[in-house]
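Student: One structure coming up, written as structure tokens, with questions to follow.
The values are calculated or read from the model by the stated rules, or taken from the named source; none is laboratory data. Bear in mind that the values here come from a model prediction, so they are computed numbers and not experimental data. Note that we place each Cβ from the backbone using ideal geometry, even for glycine, and neighbour counts take in every protein chain shown. With ligands, DNA and RNA removed, areas are computed over all heavy atoms of the protein, side chains included. Shrake-Rupley method; radii C 1.70, N 1.55, O 1.52, S 1.80 Å.
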Amino acid sequence: MSKRALTGIKPTGILHIGNYLGSIRPAFKLASSGYDAFYFIANYHAITTLHNKQELEKLTYEHTAAWLAFGAQEQNITLYLQSDIPEIFELAWILSCFSTKGLLERAHAYKDAVARGDKVINHGLFSYPVLMAADIICFDADFVPVGKDQKQHVEIARDIAGTFNNTFGKPVLKQPQPLIQDDVMVVPGLDGQKMSKSYNNVIPVFASPDEIRKLTARIKTDSSSVEAPKDPDKCTIYNLYKLFATEADAQALKQKYLAGGMSWKEAKDLLAEALIKQFEKPRQRYNEIIKDTDGIKAVLKQNAQKARVVAEATLTRVRNVVGIV
Ligand code: ADP
Ligand code: TRP
């Protein structure tokens, strides 16, 4: 049987090309290399911070539509909503009884909130890793592809499953392994910092061609003259371009930088057209899919049914071991 890869995507911001390269593209690569892929939209994790009905609904459909536009169904990815799987929440409670306060106090999301001096820290944020452990353990996931920032949370899931198994003296729960893509680059944003929805420096994956041209025009550059030779590696335009262009096109632009005589506008235009071309087909599909909310709901329901078969089997096993009659 093929190994199961499982990951969750929090619908808290518009999808940008950093998310695409850092998360969506590698997830599709795993799905096409023989893993049984279970990917889901973590809408209950989103409400630890996002308290706006319209925004959450909109982002939930947008994220789902994006995965569909990139071919989730064709790749046999089981794409579902966390909120459609009640077993996850039952398991989260059970696991919380095997998670110590000390373990959760060491978790990054909580520690960061404390370090920032957040006045209000809700219980959802504190117990975030327990829900995440339930997301993973409910489906007997073998591997969890995540960015470095989420590695600790997967290790906490391993710990909690281990504590549970030790308590009952048998391997009831599968202990997942994080799968960290070390080679995934940090995609720079318009200002040269890491592209992130928190920094207002993103290029949305499904921006229209005009929006893409406007956004790339905003990329921060230095004030060197047209004639001056330029260092491509220090330039956000080139660093973004090389992520999408062919090797030959990237080399050609590099030579233009080094030779001098190239305006920033010329480089920005090249980047804009490369981005427009790269996302043209998925953008067209996305624009169709996002109009059809009922269609999105139907796919999600169908996939939830499939996912729940796995989740129900896990919960039956767990209740039985714990003594829930
Ligand atoms: P944001 O930084 O915009 O808040 P998230 O933290 O929601 O994005 O990230 C979702 C996923 O996208 C994560 O797997 C993360 O590793 C990836 N990701 C986000 N920004 C980037 C970036 N600039 N470069 C590479 N990957 C990124
Ligand atoms: N915490 C993850 C993030 O912020 C999202 C997530 C929720 C997740 N549940 C998960 C990731 C389970 C992997 C597995 O990006």
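Student: Which members of segment 201-244 meet the condition of being open to solvent by 20 Å² or more (accessible area, probe 1.4 Å), under 22 Å from residue 286 (Cα atoms), among the aliphatic types (A, V, I, L, M) and assigned to a loop (DSSP other than H, G, I, E, B)?
Tutor: 202
Student: Additional query: Output the qualifying pairs, or none if there are none: Cβ atoms under 7 angstrom, residues six or more apart or on different chains, first residue in segment 1-23 and not assigned by TED's automatic domain parsing to the domain that holds residue 60 and within 8 Å of ligand 1 (Cβ to nearest atom), second residue open to solvent by 50 Å² or more (accessible area, probe 1.4 Å) and not in a strand (DSSP E or B).
Tutor: That search, which allows pairs on different chains as well, returns nothing.
Student: Residues in segment 138-148: is at least one over 28 Å from residue 316 (Cα atoms) and part of a helix (DSSP H, G or I)?
Tutor: The answer is yes, given that some residue of segment 138-148 is over 28 Å from residue 316 (Cα atoms) and part of a helix (DSSP H, G or I).
Student: Same structure, new question: Collect the residues in segment 166-197 that are surrounded by fewer than 17 Cβ atoms within 10 Å (Cβ to Cβ) and in contact with a Phe, Trp or Tyr (Cβ under 8 Å, 6 or more places away or on another chain), keeping them in residue-number order.
Tutor: 167, 177, 191, 193
Student: Next question. Quick check: is even one residue across segment 163-175 in contact with a Leu (Cβ under 8 Å, 6 or more places away or on another chain) and either acidic (Asp, Glu) or closer than 27 Å to residue 62 by Cβ (or both)?
Tutor: No, every residue in segment 163-175 fails to be in contact with a Leu (Cβ under 8 Å, 6 or more places away or on another chain) and either acidic (Asp, Glu) or closer than 27 Å to residue 62 by Cβ (or both).
Student: Exactly one condition in (1) out of contact with any strand residue (DSSP E or B) (no Cβ under 9 Å at 6 or more places or on another chain); (2) open to solvent by less than 20 Å² (accessible area, probe 1.4 Å); (3) more than 19 Å from residue 305 (Cβ to Cβ) is not met by residue 96; state its number.
Tutor: Here residue 96 meets the rest and fails (2).
Student: Please determine, by comparing only the residues of segment 72-90 that are in a loop (DSSP other than H, G, I, E, B) and within 20 Å of residue 20 (Cβ to Cβ), which one is farthest from the chain's Cα centre (by Cα).
Tutor: Within segment 72-90, the match that is farthest from the chain's Cα centre (by Cα) is 74.
Student: In segment 149-163, how many are surrounded by 24 or more Cβ atoms within 10 Å (Cβ to Cβ) and either more than 10 Å from ligand 2 (Cβ to nearest atom) or outside any helix (DSSP H, G or I) (or both)?
Tutor: 1
Student: Looking at residue 190, is it in contact (Cβ under 8 Å) with a residue 24 or more places away in the chain, over 16 Å from the mean Cα position of the chain (by Cα), over 19 Å from residue 47 (Cα atoms) and assigned to a loop (DSSP other than H, G, I, E, B)?
Tutor: Yes, satisfied.
Student: Residue by residue through segment 69-91, note down the ones that are open to solvent by 10 Å² or more (accessible area, probe 1.4 Å) and over 18 Å from residue 310 (Cβ atoms).
Tutor: 70, 73, 74, 75
Student: Something else: Pairs needed: first member in segment 31-57, touching a residue at least 40 places away in the same chain (Cβ under 8 Å) and in the same structural domain as residue 88 (by TED's automatic domain parsing); second member anywhere, open to solvent by less than 10 Å² (accessible area, probe 1.4 Å) and of a type in the set (Phe, Trp, Tyr); C-beta distance under 7 Å; at least 6 residues apart or different chains.
Tutor: Matching pairs, first to second residue: 38/139; 39/67; 40/80.
Student: Are any residues in segment 38-71 assigned to a helix (DSSP H, G or I), touching a Lys or Arg at 6+ places or on another chain (Cβ under 6 Å) and over 20 Å from residue 298 (Cβ atoms), and if so, which ones?
Tutor: Of everything in segment 38-71, those that are assigned to a helix (DSSP H, G or I), touching a Lys or Arg at 6+ places or on another chain (Cβ under 6 Å) and over 20 Å from residue 298 (Cβ atoms) turn out to be 45, 46.
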